[in-house]
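Data first, discussion second: the structure below is written as structure tokens.
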Amino acid sequence: MRALVRIADRIDRLTVSVGRASSWLLPVLMAVIVLNVALRYGFGLGLVELEEVQWHINAVVVLGCLAYAYRDDVHVRVDVWHAGFSRRRKAWVELIGGVVLLLPFVTGIAWFAYGNFLYSFSIGEGSPMPSGLPARYVIKFCLFAGFALLALQGVSAILRSLSVLARPRSPSRPQPRPGGQAR
């Protein structure tokens, strides 16, 4: 089981590195937005390049931080009872959810995103706007990479769940009776 945890730790380190690096683009994104707004409303100058840079940076931040958010358990949860579950029950939820829901979904998206990237790269796709950004395939690769990293982080969560479930259960303590005496 230690081997599973070591593999999960390596995946987590990769996820943290990519997530932190991606989050450093947020000040750049804010600067581009402020510049775009100032040029548009202050000088009446709208630049397609700045708008495309905005959504490219935003996409890189979101896709780079998906797995990071999942790792730190700061993503949106659908189950309202999760907080009250025991450690083993949480491990079962993560294991089943990861295997049945997360991995098939994100690997499917990653698979199709990779095909989309390859096609875009093969034709040298750029922006359809005359003054737009070239190399649109770069952002399409980021879509693939973000979901592939999320799939890897899902594997990490599954490995950690298996590690928890493989540990022997701790012996349960006797339950006190209403009169205060143990059974």
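Residue-by-condition table, conditions (1) surrounded by 14 or more Cβ atoms within 10 Å (Cβ to Cβ); (2) among the hydroxyl-bearing types (Ser, Thr, Tyr):
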| position | (1), (2) |
| --- | --- |
| 63 | yes, no |
| 67 | yes, no |
| 71 | yes, no |
| 107 | yes, yes |
| 128 | no, no |
| 134 | no, no |
| 139 | yes, no |
| 143 | yes, no |
So, in segment 124-161, how many residues would count as being at pLDDT 95 or above and more than 25 Å from residue 105 (Cβ to Cβ)?
0
Heads up, the helices (runs of 4 or more DSSP H) in segment 1-105 (entirely inside) with at least 1 residues that are more than 14 Å from the chain's Cα centre (by Cα) and over 22 Å from residue 129 (Cβ atoms) are 2-23, 25-37, 87-96
Please state which one of 156, 163, 131 is in contact with a helix residue (DSSP H, G or I) (Cβ under 6 Å, 6 or more places away or on another chain), more than 21 Å from residue 64 (Cα to Cα), in a helix (DSSP H, G or I) and touching a residue at least 12 places away in the same chain (Cβ under 8 Å).
163
Looking only at segment 12-54, count how many residues are of a type outside the set (A, V, I, L, M), surrounded by fewer than 13 Cβ atoms within 10 Å (Cβ to Cβ), modelled with pLDDT under 95 and touching a helix residue (DSSP H, G or I) at 6+ places or on another chain (Cβ under 8 Å).
1
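The values are calculated or read from the model by the stated rules, or taken from the named source; none is laboratory data. In this text the structure is predicted, and so the values were computed from the model without any measurement. All Cβ positions, glycine included, derive from the backbone under ideal geometry; neighbour counts span all protein chains shown.
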